[in-house]
Amino acid sequence: MTNPADAQPSRDRTDQSVAALRTTSLAAVNYADEINDRRVAPAPEAVAALDNLDMDLPKQGDASHTLEQLMSHGSAATTATTGGRFFGLVTGGTLPAAAGARVLSAAWDQIAFSDATSAVAVRCEAAASRWMLELLGLPPACSVGFVTGATMANFVCLAGARHALLKRQGWDVERQGLFGAPRLRVVTSEASHVTVAKALALLGIGTDCIEQVRCDKNGAMLTEALPELDNATIVIAQAGNVNTGACDPIAAICAKAEQDADGSDRAWVHVDGAFGLWAAAAPATRALLEGYEAADSWVVDGHKWLNTPYDCGMAITRHPQAVHAAMATVAPYLAIGGTALPKDMVPEFSCAARGVEVWAALHSLGKDGVADLIERCCAHARRFADGLRAQGFDVLNDVVLNQVVASFPGREDRMTALCDHVQLSGEAWFGPTTFANRQAFRISVWSWMTDTADVDRTLAAIQRAREEVVK
Ligand SMILES: *Cc1c(COP(=O)(O)O)cnc(C)c1O
């Protein structure tokens, strides 16, 4: 049988690629052009029309028809996360340079595996790593692994911790597994992110061994509630509580780890800073994270506050050898100061060139631009808090970063209805949450796109929702 592609001259196949990229690029341009005039949550009719994409698989295909389907039915049913009024989860929009890098990356289709498969991907990762460490004020000898998000970044760092702590006890976990292994202790706060538990489950450490530390009312660990931190302990601290933005007292945690250390070995202190670690990159917020640089590993997302496209997170550690031992496919022990291949520092083998988008985001913002993005979002969060109080809402958290949690006194049962009303209006998007045993809603401000007018327009939509569904 002949390959159908062989029936066409190769120029035809090239033309098909060009045509596809040309039409979709134009559609992407139009999408970006109209982003702030669109509904934020898609119209119910547009969601219903997605039935058009869920047909039987055609017997024969045609690229231009395929892309037409996506451009018409798909675009109409997106949530406008790249505009200025999506305040859901704690995720981010997309910077112009990062979106452009994504478009180029789609054309390039590079595998960030080694410099033989993609010199550009590896070099962009290396430069982006160096810039990240500099921006975050972390030691230049740390390694940075580019993964799909903070969930996997927590997994990578905790795998490094598992390796290092068991090795101290003469156990090679990559070879011997966890059956019969010495026990590890895990200390984390009652407010740690759900994905920390997931990472512990994936690692076979499990969640039963977690020693939970009580928090203050803004969701930061209480130093006095910390148990002893011996050298078989992993402490998982948080920079940026998903509800409040609060950061655990990392300096005090590291000091206690030192104090309780046995000889030169101390507990491994890991910082889950999916969005909150970015506070380190701005003068106005850096103090929140005091002492964070003394930890052993850190996690931060690109796709949250840095506004790179999904999915992009970074696993940073001052013990590259431990992460290398846990992640490398063929593992001649990483020489101290040596540079590892991307594939040997992360779970993925063939990887997307995420470093290209991080490189583009950082290069386009510059140091001042990063600080400005963080500080601007925090100022918008304070404006939200003031506006909500003026409407009679209780702001439940101490607004230390970019997060605002609010509820209406006596009408907490209507907070989900309030979120639904705002979403259905198409004006803005944020979701319900529970905080301090109260039903509430949460607004996270992280998009480079958001301006004061977006905040005020969202406050107006909240006011209408309050009049109609909270009463
Ligand atoms: C968002 C978040 C995560 C999970 O991050 P993903 O990038 O969605 O995997 C983990 N920890 C914290 C504190 C977060 O805010």
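None of the figures in this text is laboratory data; all of them are computed from the coordinates on show. As the structure is a computational prediction, the values presented were derived from the model and not from experiment. FYI the Cβ positions are ideal-geometry reconstructions off the backbone, even for glycines, and counts take in every protein chain you see.
Sorted from fewest to most neighbouring beta carbons within 10 Å, what does the list L136, L226 look like?
The order, fewest Cβ neighbours first, is L226, L136.
Taking the Cα centre of the chain as origin and assigning +1 to Lys and Arg Cβ atoms and -1 to Asp and Glu Cβ atoms, the resulting dipole is close to 280 debye.
Estimated from helices alone, the mean residue ellipticity of the chain at 222 nm is -12000 deg cm²/dmol (sum of -39500 (n - 2.57) over DSSP H runs with n ≥ 4, per residue).
The 3J(HN,Hα) values that the Karplus relation (6.51, -1.76, 1.60; θ = phi - 60°) gives for the stretch 409-422 are, in residue order, x, x, 10, 4, 5, 9, 5, 5, 5, 5, 4, 4, 4, 5 Hz. Gly and Pro appear as x.
For the stretch 86-191, run through the trypsin sites (Lys or Arg not before Pro) and keep only the ones in DSSP coil with at most 16 other Cβ atoms within 10 Å of their Cβ. The qualifying sites are R183.
What dipole magnitude, in Debye to the nearest 20, does the stretch 141-206 give about its Cα centre under +1 on Lys/Arg Cβ and -1 on Asp/Glu Cβ?
Working: 7 positive and 3 negative charges, 36 e Å.
Here the stretch 141-206 has a charge dipole of around 180 debye.
Seen from R266, the other residues with C-beta closer than 14 Å to its C-beta sum to a net charge of -3, counting Lys and Arg as +1 and Asp and Glu as -1. The lysines within cross-link reach of K304, meaning a Cα-to-Cα straight distance under 19 Å and a gap of 8 or more places when in the same chain, are K367.
Counting only DSSP beta bridges with both residues in the chain, what percent are antiparallel, rounded to the nearest 5?
On the way: 24 of 42 bridges.
The antiparallel fraction comes to roughly 55 percent.
Here's how it looks for T433: its modeled amide H is under 5 Å from those of A440, F441, R442, which are all 5 or more places away or on a different chain.
Quick check on the chain: what does the Kirkwood estimate of hydrodynamic radius come out to from the alpha carbon pairs, in Å?
Numbers: mean 1/r = 0.0419 Å⁻¹.
One over the average 1/r among Cα pairs gives 23.9 Å for the chain.
Exposure proxy shown here: for R464, R85, the number of other Cβ atoms within 10 Å sets the order, fewest to most, as R464, R85.
Other residues with beta-carbon under 13 Å from the beta-carbon of I205 carry, at +1 per Lys or Arg and -1 per Asp or Glu, a net charge of +2. Peptides 302-309, 229-236, 143-150 ranked from most to least packed by the mean count of surrounding Cβ atoms within 10 Å: 302-309, 143-150, 229-236.
Any idea what the dipole of the stretch 244-339 comes to, in debye rounded to 20, about its Cα centre with Lys/Arg Cβ at +1 and Asp/Glu Cβ at -1? Don't jump to the answer; show the numbers that get you there.
Details: 5 positive and 11 negative charges, 49 e Å.
Rounded to the nearest 20 debye, it is 240 debye.
Across the stretch 157-165, computed HN-Hα scalar couplings (Karplus, 6.51 cos²θ - 1.76 cosθ + 1.60, θ = phi - 60°) run 5, 6, 5, x, 5, 4, 4, 5, 6 Hz from first to last residue, x flagging Gly and Pro. Principal axis analysis of the Cα atoms in the stretch 326-471 yields extents of 66, 33, 28 Å, listed in decreasing size. Using θ = phi - 60° in the Karplus curve 6.51 cos²θ - 1.76 cosθ + 1.60, the 3J(HN,Hα) couplings for the stretch 342-353 round to x, 5, 8, 10, 9, x, 5, 9, 7, 10, 5, 8 Hz; x is entered for Gly and Pro.
A simple count of charges around V323, restricted to other residues whose Cβ falls under 14 Å of its Cβ and scoring Lys, Arg +1 and Asp, Glu -1, yields 0.
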